[in-house]
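In what follows, a structure is listed as structure tokens, so that the remarks can point back to it.
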Amino acid sequence: DTACKNRPLDLVFIVDSSRSVRPEEFEKVKIFLSEMIDTLDVGERTTRVAVMNYASTVKVEFPLRTYFDKASLKEAVSRIEPLSAGTMTGLAIQTAMDEVFTEEMGTRPATFNIPKVVIVVTDGRPQDQVQDVAASARTAGIEIYAVGVDRADMQSLRIMASEPLDEHVFYVETYGVIEKLTSKFREAFCAVNACALGTHGCQQVCVSNGASYLCDCYEGYTLNPDKRTCSAVDRCAPGRHECDQICVSNNGSYVCDCYEGYTLNPDKKTCSAMDVCAPGRHDCAQVCLSNDGSYSCGCYEGYTLNPDQKTCSAADVCAPGRHDCEQVCVRGDLFYTCGCHQGYTLNPDRKTCSRAITSSLVTTEESCKCEAIVALQDSVTSRLEALSSK
């Protein structure tokens, strides 16, 4: 399918050039590499290609950072020479991990989500322990394809390749037909949708739509008019949140809060009135009066609230109209008691007074004197009270 583009890759070819690979066969391998490059969407931002050559030693012919166009890659491949000795496949894979799949050598950061892919081409049996090295590579996120030619050991190919094996292990009878694998790799690397190509330009989410795509945004964001970038929405707008009292916007999300005098419940949404009159929570001098999450101050009996609405002062409990004594009000520290004028006694109700009973032995003359004295006392008392009220 000529319309298919491969998904972006960091692709490393590891080719066997041991003495079992004759010079003309190695030339077939290079043709296979060139034809593979032709099928790839090569570029700095798309697929990057590196080639490693191994036998008993390993040579990095060129890393991922060197060439970003097909012509330069194919020219570099044409200059590769065989090494001719041994088959150290495990060493080659380890070298790829240590020296090629690094950001310094052109591998893109993990945050780019670019697949790391190795294609191993060999015609023999590894002469070192490839199983553990290959397992480490797969654990590190490297996808391994194993291509066996002619005398290649199939068990070794299966040990090093990624799962599923039927999609990652290939075999051809001779180097002369290795080019047939090109179409298989083209299909394996084909981007199944426009979003997989990595060239969509969506800031947050790419949604495949057949051969096309649409951009979308994460929850709490909305798509801008350019249909690519996203902006945080006001999650505290009416109807967009579940806060009982206060919504606080927080970078595309929100948290709930409460008015003064209320506290946030464990559900992190609703609020309950707290005891604002608890010790230490108010500044009333005497009495705190709770009022639906707020409070006001009051005073004990015998005290009045000062203009600051917090402190209290002792009231004059004997001021006119503030007591119920019939004759005399006697002011105490906080309260008052009633008394009577001379010649009167306090009744059992402790408020009213009655004339005192005099002895029958008193003479008429003394009685008249007593009445005169009482009348004078009453007159003086009345005058004093009149003066006091003025």
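The values are calculated or read from the model by the stated rules, or taken from the named source; none is laboratory data. In this text the structure is predicted, and so the values were computed from the model without any measurement. In this analysis, Cβ positions are derived from the backbone assuming ideal geometry, glycine residues included, and neighbour counts consider all displayed protein chains. These accessible areas exclude ligands, DNA and RNA; they are computed on the full protein's heavy atoms, side chains included. Shrake-Rupley method; radii C 1.70, N 1.55, O 1.52, S 1.80 Å.
Please work out which residue is nearest to the chain's Cα centre (by Cα), limiting yourself to region 84-96 and to residues that are open to solvent by less than 40 Å² (accessible area, probe 1.4 Å) and closer than 28 Å to Phe68 by Cβ.
That would be Ala96.
Evaluate the following for Glu163: is it more than 15 Å from Phe13 (Cα to Cα), open to solvent by 100 Å² or more (accessible area, probe 1.4 Å) and at pLDDT 90 or above?
It is true that Glu163 is more than 15 Å from Phe13 (Cα to Cα), open to solvent by 100 Å² or more (accessible area, probe 1.4 Å) and at pLDDT 90 or above.
Within region 146-156, which residues are open to solvent by 70 Å² or more (accessible area, probe 1.4 Å) and either touching a residue at least 40 places away in the same chain (Cβ under 8 Å) or outside the structural domain of Met36 (by the TED database) (or both)?
Arg151
Let me spell it out: the conditions are (1) surrounded by 15 or more Cβ atoms within 10 Å (Cβ to Cβ); (2) in contact with a helix residue (DSSP H, G or I) (Cβ under 8 Å, 6 or more places away or on another chain); (3) of a type outside the set (Gly, Ala, Ser), and Pro109 meets all of them except one. Which number is the exception?
For Pro109, the failing item is (1).
Looking at region 254-291, which of its residues are touching a residue at least 24 places away in the same chain (Cβ under 8 Å) and either assigned to a loop (DSSP other than H, G, I, E, B) or open to solvent by 60 Å² or more (accessible area, probe 1.4 Å) (or both)?
Tyr259, Glu260, Gly261, Lys269, Thr270, Asp283, Cys284, Ala285, Gln286
Could you please let me know if Val15 is under 21 Å from Ala85 (Cα atoms) and in the same structural domain as Ile93 (by the TED database)?
For Val15, the condition - under 21 Å from Ala85 (Cα atoms) and in the same structural domain as Ile93 (by the TED database) - is met.
Does Glu75 satisfy the condition of being within 39 Å of the chain's Cα centre (by Cα), open to solvent by 20 Å² or more (accessible area, probe 1.4 Å) and modelled with pLDDT of 95 or more?
No.
Just one of the numbered conditions (1) open to solvent by 100 Å² or more (accessible area, probe 1.4 Å); (2) at positive phi is not true of Gly220; which one?
(1)
Of all residues in region 300-324, which are closer than 14 Å to Phe335 by Cα and open to solvent by less than 40 Å² (accessible area, probe 1.4 Å)?
Those that are closer than 14 Å to Phe335 by Cα and open to solvent by less than 40 Å² (accessible area, probe 1.4 Å): Gly302, Ala315, Val317, Cys318, Ala319.
Within region 25-37, can you find the residues that are touching a residue at least 40 places away in the same chain (Cβ under 8 Å) and open to solvent by 10 Å² or more (accessible area, probe 1.4 Å)?
Across region 25-37, the qualifying residues are Glu25, Lys28, Lys30, Ile31, Ser34, Glu35.
How many of the residues making up region 127-140 are in a helix (DSSP H, G or I), aliphatic (A, V, I, L, M) and open to solvent by 30 Å² or more (accessible area, probe 1.4 Å)? Spell out how you get there, then give the answer.
Within region 127-140, the first condition is being in a helix (DSSP H, G or I), and the residues that meet it are 130-139.
The next check asks that each one be aliphatic (A, V, I, L, M); those that pass are 130, 133-135, 137.
After this cut, where a residue has to be open to solvent by 30 Å² or more (accessible area, probe 1.4 Å) as well, the list is 135.
The number of residues fulfilling the criteria is 1.
If you scan region 349-381, which residues turn out to be out of contact with any strand residue (DSSP E or B) (no Cβ under 9 Å at 6 or more places or on another chain), hydroxyl-bearing (Ser, Thr, Tyr) and modelled with pLDDT of 75 or more?
The one that is out of contact with any strand residue (DSSP E or B) (no Cβ under 9 Å at 6 or more places or on another chain), hydroxyl-bearing (Ser, Thr, Tyr) and modelled with pLDDT of 75 or more: Ser379.
Quick one: in region 234-253, of everything that is over 21 Å from the mean Cα position of the chain (by Cα) and more than 30 Å from His282 (Cα to Cα), which residue is most open to solvent (accessible area, probe 1.4 Å)?
Going residue by residue through region 234-253, those that are over 21 Å from the mean Cα position of the chain (by Cα) are 238-239, 244-245.
Then keep just the ones that are more than 30 Å from His282 (Cα to Cα); that gives 238-239.
On the way: Pro238: 128, Gly239: 83 Å².
It comes out as Pro238.
Would you mind finding the one in Glu143, Glu173, Glu99 that is open to solvent by 60 Å² or more (accessible area, probe 1.4 Å) and under 23 Å from Arg48 (Cβ atoms)?
Just a single option satisfies the conditions, and that option is Glu99.
Among (1) under 20 Å from Val49 (Cβ atoms); (2) in contact (Cβ under 8 Å) with a residue 24 or more places away in the chain; (3) not in a strand (DSSP E or B), there is one condition Gly124 misses while meeting the rest; what is its number?
(1)
Within region 177-216, track down each residue that is over 21 Å from Thr39 (Cα atoms), modelled with pLDDT of 85 or more and not hydrophobic (A, V, I, L, M, F, W, C).
Gln203, Gln204, Asp216
Report the residue count in region 222-253 for those that are more than 29 Å from Ala273 (Cα to Cα) and either outside any loop (DSSP other than H, G, I, E, B) or hydroxyl-bearing (Ser, Thr, Tyr) (or both).
Final tally of qualifying residues: 6.
Does Cys256 count as under 28 Å from Arg331 (Cβ atoms) and not polar (S, T, N, Q)?
So Cys256 does not fit the description; no.
Scan region 46-67 and tell me whether some residue there is more than 27 Å from Gln131 (Cα to Cα) and exposed (fewer than 15 other Cβ atoms within 10 Å of the Cβ).
No: zero hits.
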